[in-house]
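What follows is a set of notes on a single structure, which appears directly below.
The values are calculated or read from the model by the stated rules, or taken from the named source; none is laboratory data. Model, not experiment: these values are computed from the prediction. For neighbour counting, all protein chains shown are included, and Cβ atoms are generated from backbone atoms with ideal geometry for every residue, glycine included.
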Amino acid sequence: MRVASLLNLLRRYTVEITSLCAAIVIWQLAADYVVENAFFLPSFTDVVGSFSHGWRNMIYDAKVSLIHFGIGMITGLCVAVPLGICMGWFQLINRIADPIIEILRPIPPLAWIPFAIIWIGISHASAGFIVFVGAVFPILINTYVGFRNVPKVLIETAMVLGCTKNHSLIRRVAFPSAIPQIATGIRVAMGVAWMCVVAAEMFGMTSGIGYKIMHWSHFFRMDHVMAYMLLLGFISLSIDRIFRHFVERRLSIWRKGMVA
């Protein structure tokens, strides 16, 4: 039974598996016969060796980076979604908050690193603060747009049926309609957040994936650097796939019914 399930899984993802295998072969051949210098391009086998020798440290560093990522993303969600809802639903709040947000939004998250160290110190919270700065605005903007684009016919229909209070309209009509837009903002924010995790750990931490990338680059161990880069990509891909599965299977199931 397990063999049959494995074969079905392989058939389902034949194209994806073939693509990855081809990329690995090209990488190995390019490193061995074109570049011929492990400092400029470590080979696939070198990187696999780094994984096999340092996987315990990698697990620890991944946990640290996930803590920073989680602090920033959870805080960003708690701030951005309610604020985006209020800005999208209430015109007065939008007029009050919009100028401040448009001034802060273009400032790169890395510019906040000195203040994060001064205000909070070198800690998980300071790294999480940098991640928060990077994650909050994509979620906020997409939540705002999602609520501004709620079809008026849905609101008018709900009001005819007796749903007249703002909190009821937001909970029963506007929020479900805006879920795809909010989910898009969260996905964008997760990508930005991972970049901020690496930057924060490079310049203001003593552990984590970003710190180890900078650490091993100082010793010219580019195989270790590449291993940590791939680890970062694998974690990001896994989080994105889990999030997409949750959104598509749980939160947006009612839209599939509408399409059918």
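Taken as a whole, the range 86-103 holds no residue that is within 21 Å of ASP223 (Cβ to Cβ) and either in a helix (DSSP H, G or I) or of a type outside the set (A, V, I, L, M) (or both). Applying a threshold of 6 Å to beta carbon distances and a minimum spacing of six or more residues, or different chains, the list of pairs starting in the range 117-129 at a residue that is outside any helix (DSSP H, G or I) and ending at one that is surrounded by 12 or more Cβ atoms within 10 Å (Cβ to Cβ) reads ILE122/GLY204. In the range 1-52, the qualifying residues are those that are surrounded by 12 or more Cβ atoms within 10 Å (Cβ to Cβ) and small (Gly, Ala, Ser), and the one that is modelled with the highest pLDDT is ALA30.
When only residues in the range 107-147 that are of a type in the set (Ser, Thr, Tyr) and touching a Gly at 6+ places or on another chain (Cβ under 7 Å) count, which is surrounded by the fewest Cβ atoms within 10 Å (Cβ to Cβ)? Working first, answer last.
Quick first cut of the range 107-147, residues of a type in the set (Ser, Thr, Tyr) only: 123, 126, 143-144.
Applying the additional criterion that residues be touching a Gly at 6+ places or on another chain (Cβ under 7 Å) yields 126, 143-144.
On the way: SER126: 22, THR143: 26, TYR144: 26.
This residue is SER126.
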